[in-house]
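Below: the structure, in structure tokens.
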Amino acid sequence: MTKSNMPNRRAVLSTLAAASAAPLVLAPFANSALGAAAKLGAAQPRHWRYKLGQFELTIVADSEVFIDGPYPIIGANANEADVRKLMRDNLLPETRYQPGFSPTVVNTGREVVLFDTGNGENGFVPRPAGGWLADGLAPAGIKPEEVDIVVISHGHPDHVGGIMNGGKPLFPNARYVIGQVEYDFWAPEGKHTGELEKFASVFRANTKSLAERFTFLKPGDEVVPGITAVEAYGHTPGHLNFRIASEGKEIYFWGDCAHHQVASLAKPDWHCVFDGDKEQGAATRKRVYDMLATERIPVIGYHMPFPSVGYVERTTPGAYRWLAHTYQLNL
């Protein structure tokens with residue numbers, strides 16, 4: 001820059017002074033048109049879609065509820081102070097969290113397969129706070145009558161509550177699959193009392209009229225080609241996970257092998273209040289996490305923060321962390 005075209009210091013200062021005075025000049029003429037736009041409120045995505053080989057997967061949010069915790073939902077066998085410290089160390093609130101509730105639709109090109117049905121009208125988080133799957137399918141481009149198979153990972157109310165809608169099956173053309181052990185635990189009348197009977201009554205209300213449409217799985221069975229059941233007992237007696245594979249690519253649906261993205265993975269020995277068998281649930285978590293950390297395959301975690309997809313990393317022997325998906329499956 002030559003001396004002749006360098007900015008004049010006095011001119012620059014004059015311009016800045018004029019600009020700083022401008023609001024004072026305009027103030028008398030201000031009106032609502034110059035005010036802030038109306039606030040829109042918080043918003044989160046309600047569905048998310050990606051490809052896995054030839055399969056197309058869509059995850060639909062069933063709730064955005066905040067609940068108390070993670071203690072004692074997770075860590076009732078630990079000190080509350082330790083659970084709260086773990087939250088602080090991970091920049092999370094100590095006493096409130098937002099679990100995902102994430103039914104997943106897999107379009108294989110031949111069948112449309114839904115994994116779990118959310119809370120519906122009588123789950124853990126019924127409408128209006130939850131039970132959004134029925135209304136969330138259409139915005140995601142999915143028609144209930146297009147669903148061929150409904151897979152139930154286990155019989156808890158936030159997984160079976162959406163089977164029925166307004167007294168009728170939400171998925172009128174579907175058949176239903178569940179582990180034989182799981183069905184036999186929840187379906188009988190008069191088997192349970194107390195809290196278990198409350199859960200069982202929701203299961204029966206949503207499945208009894210459809211009993212003839214159910215078929216039963218054991219670990220290792222195929223739902224359809226490319227989708228295979230995996231034993232993950234402990235959370236419930238017949239809780240199943242699923243491997244989903246197409247064209248050499250794979251993702252793992254782990255149902256309720258975690259209820260918090262930090263506490264469940266960092267401390268898999270911490271008990272979950274919803275586990276029917278606390279020690280078996282902890283052993284299953286450690287086995288599943290270790291396998292996924294070793295194989296480095298993505299995971300759909302039903303209760304992980306929406307869209308509930310990520311990876312498991314081993315941090316120290318017996319401890320893990322959740323790495324939320326960013327763009328790996330978008331390629």
(message) Test of understanding: what is the full-extension gain from ARG243 to THR315, defined as 0.36 nm times their sequence separation minus their Cα-Cα distance?
(response) 23.5 nm
(message) Roughly how far apart, in whole Å, are the Cα centres of the stretch 197-219 and the stretch 227-298?
(response) 22 Å
(message) Please report the antiparallel percentage of DSSP beta bridges with both residues in the chain, rounded to the nearest 5.
(response) 75 percent
(request) Determine the calculated [θ] at 222 nm for the chain from helices alone, applying -39500 (n - 2.57) to every DSSP H run no shorter than 4 residues and normalising by the residue count; nearest 500 deg cm²/dmol. (result) -7000 deg cm²/dmol
(message) Using Cβ contacts closer than 10 Å as the measure, can you line up PHE185, PHE101, PHE214 from fewest to most?
(response) PHE214, PHE185, PHE101
(message) Output needed: percent of Cα pairs per 10 Å distance bin for the stretch 251-331, bins running from 0 to the one holding the longest distance.
(response) 20, 56, 21, 3
(request) Report, by chain and number, residues whose modeled amide H sits under 5 Å from the one on GLY255, excluding near sequence neighbours (fewer than 5 apart, same chain). (result) TYR302
(request) Any chance you could list the semi-axes, whole Å, largest first, of the equivalent ellipsoid that the Cα gyration tensor gives for the stretch 173-331, using √(5λ)? (result) 28, 20, 13
(message) How large is the translational diffusion coefficient of the stretch 50-330 in µm² per second when you combine the Kirkwood radius over alpha carbon pairs with Stokes-Einstein at 4 °C and 1.567 mPa s?
(response) 69 µm²/s
(message) Please list 3J(HN,Hα) in residue order for the stretch 176-189, calculated via the Karplus relation 6.51 cos²θ - 1.76 cosθ + 1.60 where θ = phi - 60°; whole Hz, with x for glycine and proline.
(response) 10, 10, 7, x, 4, 4, 5, 4, 5, 6, 9, 6, x, 6
(message) I want to check the label-to-label distance for ASP89 and ALA36. Put each point 7 Å from Cα in the C-beta direction and report it in nm to one decimal.
(response) 3.8 nm
(request) From the P(r) of the stretch 158-221, can you give the percent of Cα pairs sitting at distances over 15 Å? (result) 51 percent
(request) Tell me the label-point distance for the pair LYS51, SER209, using the 7 Å Cα-to-Cβ offset, in nm and rounded to one decimal. (result) 4.0 nm
(message) Apply the Karplus curve 6.51 cos²θ - 1.76 cosθ + 1.60, θ = phi - 60°, to the phi angles in the stretch 52-67 and return the couplings in whole Hz, x for Gly and Pro.
(response) 9, x, 8, 8, 10, 10, 10, 9, 10, 6, 9, 5, 10, 5, 9, 10
(request) Per residue of the stretch 322-331, in order, report the coupling 6.51 cos²θ - 1.76 cosθ + 1.60 (Karplus, θ = phi - 60°) as ³J(HN,Hα) in whole Hz, putting x for Gly and Pro. (result) 8, 10, 5, 4, 10, 9, 4, 8, 8, 5
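Throughout, read-outs are computed from the coordinates displayed, never taken from laboratory work. These numbers were taken from a predicted model, which means no experiment stands behind them. Neighbour counts run over all protein chains shown; Cβ positions are idealised from the backbone, glycine included.
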